[in-house]
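The values are calculated or read from the model by the stated rules, or taken from the named source; none is laboratory data. All figures in this text were calculated on a predicted structure; none of them were measured in a lab. Neighbour counts run over all protein chains shown; Cβ positions are idealised from the backbone, glycine included. Only protein heavy atoms, including side chains, enter the accessible area calculation; ligands, DNA and RNA are left aside. Shrake-Rupley method; radii C 1.70, N 1.55, O 1.52, S 1.80 Å.
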Protein chains: 2
Amino acid sequence: MAGSCFAEVLSDLVELTGAEQAALEKLEERQRTVRRGAVLQRENEKCGELYVLRKGLMMSYVLLDDGSRQILRFLFPGDMLGVSSMIYREAPETLAALSDCIVSPFDRSALSDLMTRHPRLSAMVLVYCQVERVSLTDRLAALGRTSAKARVAALLLDLRDRLRTTDKSVEDAFQLGLTQEEVGDATGLTAVHVNRMLRQLEEEGLIARDSGRVTLRDERALARAANYVNRFEGLDLSWLPRPA
Amino acid sequence: MAGSCFAEVLSDLVELTGAEQAALEKLEERQRTVRRGAVLQRENEKCGELYVLRKGLMMSYVLLDDGSRQILRFLFPGDMLGVSSMIYREAPETLAALSDCIVSPFDRSALSDLMTRHPRLSAMVLVYCQVERVSLTDRLAALGRTSAKARVAALLLDLRDRLRTTDKSVEDAFQLGLTQEEVGDATGLTAVHVNRMLRQLEEEGLIARDSGRVTLRDERALARAANYVNRFEGLDLSWLPRPA
DNA sequence: CGGCCCCTTGACTAAAATCAACGAAAGTGG
DNA sequence: CCACTTTCGTTGATTTTAGTCAAGGGGCCG
């Protein structure tokens, strides 16, 4: 199996040259499986490698002193994992697999080399990180200023959009590969309250549920309730340097 | 007035070459003043330039549909503003001045050029953005999983640390250049509740207040209450490429 | 079959928001 | 320089939102 998952994400943004594709494929030469529930990197432990997620669903989270968990981000195929760990001696967050996964590990220096040799890819890595950053600020605003229901709605919309980038067959229904506790840890709620919010969304006809499968029945109303924006849209990359 | 504020931030991390310093100074050739309360960039409007903040205190925020505001970040001298706006047609956040400020505006293409010509600076811009990203995730965890008191304590510690990087004379006391409403919009609380939390911190002897000036009286206890980490510490940049 | 994990629901509690009022301080305009 | 307005901080009373505690049910796995 060849091809670079990260390159696929980037090639939605610009047309890559052969040399650029080759450089990205080199990052994903190696492969490794990660079992559901396994931890790839643990918070406060020495930083290891970086990864590209090739297959499966992962998450990054932090644990607070009182034992509570905040899920920072869900990770989908094509996502680059552990970029922030690259810059620290100790990892600022834990990376764990929510399903059986395949990742491609690579070294800090590999990314450093790539950035030196391919200035345009370097800029695109920055773009990718900024998209992530803006998504984080969306979630920050959601946690700070929106209701429990809005946060759950936003999470559902976001999950659907992210799943669709990999699997075009996803339309308005998808398997929610998360427990309600995980949804709670992502939205800053308790599992009990997540349950109530899902029920409420269901009663209002905004979603339907059937054994872990969620259907978005009224996307317009959900998006309105959630203040949701897909941050992979509306990009302007006209300023990118010419390919080397 | 010469010298690059952003270069000063970076030179705390590695020793810059003359060429690198010159390149960074070029970004800050121009200067512009911004009045207290003025807006440099407005959410959803066409993205303009990027900036380096040279002097003063600014903030970035978003407004939600119901009119509530979430402050995403406070900006200090040496910070680069609007990097995320660079990649979008429309700005994802508003940039506003909390005090009279001086900024150096520059063009997307100027940063793009710099990244092409100076691979190591390119990597350092990425590092800078990742520090910002990790700080955002700290705040995300604070909003999602910590009490009102802890959030206010964390904000005070963070402000102090950021002020100290510019002004070494700041020890445990500083002018809180924010209204309680602004503190609330940053921490996801109401101004009224912020007031009560400040009072409580004061009553417990963790801080003292006098006409807008805050003194941290028990930093240890504050940091414990707040789960606070200074993200400019603990970096490992040994992987950075050689300077060009 | 039994145990565990996850979902569900009700009753109750705690945390933070809301509403309202007032005083002090800081600008503003004559 | 003074009257006026506005902003900001403070406080109490009350309401709303979400958390906590507890119990039971369904499905899956060993």
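What gaps in nm, shortest first, separate A:THR17 from its twins in the other copies when you place the label 7 Å past Cα toward the beta carbon?
In ascending order, 2.2 nm.
Would you calculate, for chain A, the mean residue ellipticity at 222 nm contributed by helices, counting each DSSP H stretch of 4 or more residues as -39,500 (n - 2.57) and dividing by all residues, to the nearest 500?
Helices in chain A give a 222 nm mean residue ellipticity of -13500 deg cm²/dmol.
What does the structure give for B:63-69 when I average, per residue, the other chain Cβ atoms found within 10 Å of the residue Cβ?
Working: counts 2, 7, 6, 5, 1, 4, 3.
Averaged over the peptide's residues, the number is 4.
How well do other chains shield peptide A:113-120, expressed as the mean number of their Cβ atoms within 10 Å of each residue Cβ? Each step should come with its number before you reach the end.
Values: counts 3, 0, 8, 8, 2, 1, 8, 3.
If you average over the peptide's residues, the count of other-chain Cβ atoms is 4.
Going by amide H atoms built from the backbone, whose H comes under 5 Å of the H on A:ARG54, apart from near neighbours?
A:GLY78, A:ILE102, A:VAL103, A:SER104
So what are chain B's ellipsoid semi-axes, whole angstrom, largest first, if each one is the square root of 5 times an eigenvalue of the alpha-carbon gyration tensor?
Working: eigenvalues 196, 88, 55 Å².
Each semi-axis is √(5λ); the values are 31, 21, 17 Å.
Measure of size requested: the Rg and Dmax of segment A:147-226, with Cα atoms as the atom set and Å as the unit; please supply both.
Answer for segment A:147-226, Rg first and Dmax second: 11.5, 32 Å.
If you place +1 on the Cβ of every Lys and Arg, -1 on the Cβ of every Asp and Glu, and leave all else neutral, what size is the dipole of the protein assembly as shown about its Cα centre, to the nearest 20 Debye?
On the way: 66 positive and 72 negative charges, 37 e Å.
Charge dipole of the protein assembly as shown: 180 debye, to the nearest 20.
Which lysines have a Cα lying under 29 Å from the Cα of B:LYS168, excluding residues fewer than 8 positions away in the same chain?
B:LYS26, B:LYS55, B:LYS149
7 Å along Cα→Cβ for the label point: how many nanometres lie between B:VAL170 and each equivalent label in the other copies, listed shortest first?
The answer, with the shortest distance listed first, is 4.2 nm.
Helix A:18-27 versus the longest principal axis of chain A: what is the Cα-based angle in degrees, 0 to 90, to the nearest 10?
70
Of B:ALA7, A:THR116, A:GLY184, which is farthest towards the positive pole of the protein assembly as shown's charge dipole, taken about the Cα centre with +1 and -1 on the beta-carbons of Lys, Arg and Asp, Glu respectively?
A:GLY184
How large is the Kirkwood hydrodynamic radius of segment A:66-107, counting all unique pairs of alpha carbons, in Å?
Working: mean 1/r = 0.0822 Å⁻¹.
Mean inverse Cα-Cα distance, inverted, gives 12.2 Å.
Starting from the amide H of A:GLN41, placed 1.01 Å from N in the peptide plane, find each other amide H under 5 Å away whose residue is 5 or more places distant or on another chain.
A:LEU95
Considering chain A as a Gaussian network with a 10 Å cut-off on Cα pairs, which listed residue, A:SER68, A:SER135, A:SER211, attains the greatest mean-square fluctuation?
A:SER211
Can you give the accessible area buried between chains A and B, summed over both chains, with a 1.4 Å probe, in Å² to the nearest 100?
On the way: alone 13150 and 13170 Å², together 21140 Å².
Buried area (both sides, nearest 100 Å²): 5200 Å².
Nearest 10 degrees, 0 to 90: what angle lies between the long axis of helix A:191-203 and the longest principal axis of chain A (Cα atoms)?
Taking the Cα atoms of chain A, the angle to A:191-203 is about 70 degrees.
Averaged across the residues of B:124-134, what count of C-beta atoms belonging to other chains lies within 10 Å of each residue's C-beta?
Details: counts 1, 4, 11, 5, 1, 9, 9, 4, 4, 10, 8.
Mean inter-chain Cβ contacts per residue within 10 Å come to 6.
Once you place label points 7 Å from the Cα toward the Cβ at A:LEU13 and A:VAL192, how far apart are they in nm?
If labels sit at A:LEU13 and A:VAL192, their model points lie 4.3 nm apart.
Taking each label point as 7 Å beyond Cα in the direction of the beta carbon, state the distances from A:ALA244 to the same residue in the other copies, shortest first, in nm.
Here the equivalent label points are 1.0 nm apart from this one.
Taking only Cα atoms, what is the 0 to 90° angle, nearest 10, from helix B:148-166's long axis to the longest principal axis of chain B?
Result, in degrees: 40.
Taking a spot 7 Å from the Cα of B:GLU90 along the direction of its beta carbon, which residues of segment B:39-75 have an amide N less than 19 Å from it?
B:40-49, B:61-70
Can you give the Rg and Dmax of segment B:5-119 based on its C-alpha atoms, in angstrom?
14.6, 50
Using the alpha-carbon centroid of each, what span in Å lies between segment B:1-31 and segment A:26-65?
So the separation of the two Cα centres works out to 35 Å.
How many angstrom lie between the Cα centre of segment A:147-220 and the Cα centre of segment B:169-192?
35
Over chain B, with a Gaussian network built from C-alpha contacts below 10 Å, which listed residue (B:LEU206, B:LEU53, B:LEU95) shows the highest mean-square fluctuation?
Highest fluctuation among the options: B:LEU206.
Please turn the phi angles of segment A:102-114 into ³J(HN,Hα) values with the Karplus equation 6.51 cos²θ - 1.76 cosθ + 1.60 (θ = phi - 60°), one per residue in order, whole Hz, x for glycine and proline.
The phi angles translate into 10, 10, 10, x, 8, 8, 3, 5, 5, 5, 4, 4, 4 Hz.
Determine the per residue accessible area of segment B:5-119 with all protein chains present and a 1.4 angstrom probe, expressed in square angstrom.
On the way: 4850 Å² over 115 residues.
Ligands and nucleic acids excluded, the figure is 42 Å² per residue.
Report Rg(Cα)/(2.2 N^0.38 Å) for the protein assembly as shown, keeping two decimals. Working shown, then result.
Working: Rg = 22.1 Å, N = 488, 2.2 N^0.38 = 23.1 Å.
In units of the globular-protein estimate, the protein assembly as shown measures up at 0.96.
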